[in-house]
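The values are calculated or read from the model by the stated rules, or taken from the named source; none is laboratory data. This one's a predicted model, so the numbers in the text were calculated from it and none came from an experiment. Neighbour counts run over all protein chains shown; Cβ positions are idealised from the backbone, glycine included. Accessible surface areas use protein heavy atoms only, side chains included; no ligands, DNA or RNA. Shrake-Rupley method; radii C 1.70, N 1.55, O 1.52, S 1.80 Å.
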Amino acid sequence: MSDQIAVITDIHGNLPALQAALARIDELGVQEIYCGGDLVGYGPHPNEVCALIQERAIPTIYGNYDYAIGRDEHDCGCAYITQHDRALGQQSVEWTLEHTSREAKDFMRALPFDLRFPLGDFDVHLVHGSPRKVNEYLFEDKPASLYERLAAAESADVLVFGHTHKPWVADFGGVRFVNCGSVGKPKDGDPRGAFAVLTATASEVLVSIERVAYDAAAVAEQVREVGLPAEFADKLTMAA
């Protein structure tokens, strides 16, 4: 049983960001790593990301993108505000379907919906979106009543998730909610990759959101080179 873990999520086909996050985790001396899914989509390295996750034997759940691509489905279950964003998102789905290997698709198709594991004397529940749906967005500014309801239904002490690409930590109903942010596609104005480190003490689970720099401009250029929408490249460097 470990007293400290790292959780990475929402890598989205960004191999250099994943490599930087793993290097930082190793540097911190954290021995156990878990992954909250969305390995692919929007980024140019779907196969390489899946291969590295497998190589490191990181326990991983599927995200909404992984679920779709692993099953050769053309709907990623993403929420888009405008028709323009929806059209761009569909380009990402089609590109990822075409450029993801069968081996990587088989790997993603076999991933579970969630994971539960001990951290010190506490129990942790890892999901991608929420315990209810893989693609439910748990934003920090949603009503507290939502989180109180989720906490009442939750048996774990800590609920860890991603999907929104915006990190936050808060307590509701005796449950610590931890959004890890995004390794490969942040949306909080900071272009650095984000991940969470959870440390169990005698009385609580402490959480730090770590940020790691990588060459986002180089990845943005690769996004353009492989034929993905240029807006995806721009968002990597702006993190918006």
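Of the solvent-accessible surface of the chain, computed with a 1.4 Å probe over protein heavy atoms with every protein chain present, carbon and sulfur atoms account for 50 percent. Expressed as a fraction of 2.2 N^0.38 Å, the C-alpha radius of gyration for the chain is 0.95. Think of each Lys and Arg Cβ as +1 and each Asp and Glu Cβ as -1; about the Cα centre, that makes the dipole of the chain roughly 300 debye.
Given their separation in residues at 0.36 nm each and the Cα-Cα distance between them, ALA213 and ALA230 gain 4.0 nm when the chain is fully extended. Approximating the spin labels as points 7 Å out from Cα along Cα→Cβ, the GLU27-to-THR237 distance works out to 2.3 nm. Rg/Rh, computed from the Cα trace of the range 1-116 with Rh as the Kirkwood radius, has the value 0.99. Which lysines have a Cα lying under 20 Å from the Cα of LYS133, excluding residues fewer than 8 positions away in the same chain? Within the straight-line cut-off, LYS133 pairs with LYS142, LYS166. Qualifying trypsin sites (Lys or Arg not before Pro) in the range 134-188, where qualification requires a DSSP coil assignment and no more than 12 other C-beta atoms within 10 Å, are lacking entirely.
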